[in-house]
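Attaching a single structure in structure tokens format; questions to follow.
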Ligand code: HEC
Ligand code: HEC
């Protein structure tokens with residue numbers, strides 16, 4: 001169990017249920033978007049409302065301790081956490097397949113709830129029955145009433161990674177891009193998240209201190225595979241300083257940015273992981289490996 005999860009477990013008995021779930025190794029590889037869920041938007045409103053009502057029970061049991069009764073991220077456990085639980089009332093989400101500034105799809109929420117957010121206290125909920133996970137999604141949307149009118153963005157297309165992924169040439173080109181696009185300003189030359197702008201970043205939209213990701217420490221928060229890294233460049237991390245590079249990579253100018261460069265940057269970013277993390281081969285297969293730190 002993660003040390004901070006264990007700590008909470010001891011001190012807040014009411015949070016016990018989720019901490020037990022969190023202790024079970026991630027079942028990320030079993031992630032499959034169920035057919036029933038894909039049809040959710042077409043369901044009659046009454047059905048969605050019934051699902052949301054069931055979702056409230058799930059929420060009150062597993063989520064309220066961190067995300068709070070009002071969904072504002074201020075549950076009793078939040079005070080103890082360095083990375084604060086998401087405030088659902090603003091309709092801003094970090095991890096999406098949808099373009100910057102748009103709402104996530106139900107599938108995005110399902111994935112993050114099932115997998116958890118690596119390297120934070122957000123547990124994975126793979127052992128909560130699927131129907132309950134689907135129900136809680138409908139409930140957390142009710143904290144942001146505009147959701148109904150706005151609807152989610154359209155998921156970006158993520159192609160299959162090329163065979164050259166992780167090759168020495170691809171990594172070298174990725175390094176050039178990393179410098180050219182000034183990722184160094186925030187993430188630092190060594191990728192530790194200690195670039196010159198890192199300490200000067202304003203708080204994120206929820207008013208919390210933000211910290212550029214440390215690439216040397218292992219998996220991304222939002223998933224382990226090269227496609228997750230690619231998705232991050234293309235959609236940004238909502239509410240934070242991490243921008244979307246969709247404009248730059250979507251229409252390469254052929255001079256500074258060439259076709260396929262997004263994958264070269266993926267190669268480089270993954271190469272920054274220290275040896276022990278690289279040994280898990282997630283870069284090659286994208287599959288989460290038993291025992292990899294979250
Ligand atoms: C131990 C505290 C904790 C519990 C319990 C918890 N979460 Fe979280 N959750 C977090 C934290 C912390 C984050 C923020 C991670 C970040 O910002 O990087 C988060 C993030 C999320 C996100 C991602 C939001 C985004 O911006 O992309 C969703 C969705 C979510 N939680 C849903 C749930 C649901 C549903 C439950 C209950 C089944 C739950 N959480 C239980 C701590 C918790
Ligand atoms: C202005 C500062 C800034 C710049 C420039 C920047 N980032 Fe980020 N990046 C961040 C912050 C802050 C986060 C952490 C977001 C969070 O998890 O709260 C982040 C997170 C990430 C993540 C991890 C997402 C996850 O799921 O954990 C990746 C990958 C990433 N950045 C890649 C890049 C690359 C590649 C570039 C250059 C093309 C870049 N960033 C430029 C600030 C920046």
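Where a number appears in this text, it was derived from the coordinates with a stated rule and is not lab data. Since this is a predicted model, take the numbers as computed values, not measurements. With ideal geometry, Cβ positions are generated from the backbone for all residues, glycine too; neighbour counts draw on all protein chains shown.
Order of 56-62, 216-222 by packing, highest average Cβ count within 10 Å first?
In descending order of packing, they fall as 216-222, 56-62.
Another one. Please compute the Cα-Cα pair-distance distribution of the stretch 110-267 with 10 Å bins starting at 0, giving whole percents from short to long.
Cα pair-distance distribution for the stretch 110-267, in percent: 9, 32, 36, 19, 4, 0.
Multiplying the sequence separation of residue 274 and residue 70 by 0.36 nm and subtracting their Cα-Cα distance, what value in nm do you get?
Full extension of this stretch gives 69.4 nm more.
Next question, about the same structure. According to a simple spin-label model (label point 7 Å from Cα along Cα-to-Cβ), what is the distance in nm between residue 172 and residue 185?
Roughly 2.8 nm, to one decimal.
Let me ask something else about it. Which whole-angstrom value gives the distance between the alpha carbon centres of the stretch 66-118 and the stretch 183-234?
17
I want to check the label-to-label distance for residue 197 and residue 89. Put each point 7 Å from Cα in the C-beta direction and report it in nm to one decimal.
So the two model labels end up 3.0 nm from each other.
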